[in-house]
Amino acid sequence: MKTPYVVAVVSKKGGVGKTSISVNMAAVLASLGSGVLLIDADPGNANIIDFLGMEQPKKGFKDVLFDMLEAKPYIVHYQQGKFDVLPGTDYVGVYAPTTEQVIHLGAQAKYQDYDFIIVDNSPTLSFFAAAGPLFNMQFIVSTPQAPALNASKRLKELYESNARKNSIVLNRVGASPYDLKPDEIKEKYGFDIAAILPEDPIVPQSVAVKLPAFLLDRESKYSKAIYELSRVVYAGRATQ
């Protein structure tokens, strides 16, 4: 059985586009012939099914995590090839899983026969702290404005205090003339920038038609940029 390469897509601030990035990264990797499991690990805002036009499940990620259930019965197939989803379901309680629950989740993930697992994470520090060791690669998503960048810097410092490598994905670049430039961001915040994703109307269009932007138009600016980011992930597994 394969050992999946697990990629966390995280943000400390909501609304920066991490779910779009997670969905499209999974679509790219699947298009390259890889087996991909996309996990919606954001119970407070479980909306991957909305991005993909899937039915709302009765059980999903939170049940596997908190009730320590087997994951396989709740994994659903999205497309031809091997692009599967462990959907999220809304959870209104305190999102603070125990170490035992996270270890169970990690075991369930590792035992699935995939090349890659993409985890769309909740912006909750308790989950980051507990689940961090499960991840092979971590992307912090931010838009190029100071509030999102400051929140991302705090998350970066948390990861680095636990000796966990991370890099930032700048999203919606070029949306406003008042945004900070990538070179300014790198100098001011000390980020390792993994990718720069442009503002592109294909993204809201893809949300409206419930299809990943990469599958809707592979020649769009956003799709080309997400493809290059996914190649970084693909190369990371090759050197694992």
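Bear in mind that the values in this text are calculations on the coordinates, not laboratory data. Because the structure is a prediction, the values reported are computed rather than measured. Don't worry about glycine lacking a Cβ; one is built from the backbone with ideal geometry, like all the others, and counts go over all protein chains shown.
Points to keep in mind about this one:
- Quarter of Cα convex hull surface for region 1-113, i.e. mean projection, nm²: 7.2
- Among the listed pairs Lys18/Lys210; Lys59/Lys110; Lys82/Lys110; Lys72/Lys110; Lys13/Lys221; Lys12/Lys62, those with a Cα-Cα distance over 22 Å are Lys13/Lys221.
- Proximal lysines relative to Lys186, as straight alpha-carbon distance under 17 Å, when same-chain residues fewer than 8 apart are discounted: Lys153, Lys156, Lys165
- Per-residue 3J(HN,Hα) values for region 217-231, derived from phi via the Karplus relation 6.51 cos²θ - 1.76 cosθ + 1.60 with θ = phi - 60°, read 7, 6, 9, 5, 4, 5, 5, 5, 5, 5, 4, 5, 4, 5, 5 Hz in sequence order (x marks Gly and Pro).
- Charge dipole (region 174-240, unit charges on Cβ, about Cα centre) - positive-most of Tyr234, Pro204, Gly174: Tyr234
- Interchain or long-range residues, amide H under 5 Å from Tyr5's placed H: Phe116, Ile117
- Karplus-derived 3J(HN,Hα), 6.51/-1.76/1.60, for each residue of region 185-197, Hz, glycine and proline x: 5, 4, 6, 6, 9, x, 7, 8, 8, 7, 7, 10, 9
- Label-point gap, in nm, between Glu160 and Lys59 - each point 7 angstrom along Cα→Cβ: 4.3
- Of all DSSP beta bridges confined to the chain, the antiparallel ones make up roughly 10%.
- Cα gyration tensor shape of region 126-226, rounded if a/c is under 1.5, else prolate or oblate by comparing a/b with b/c: oblate
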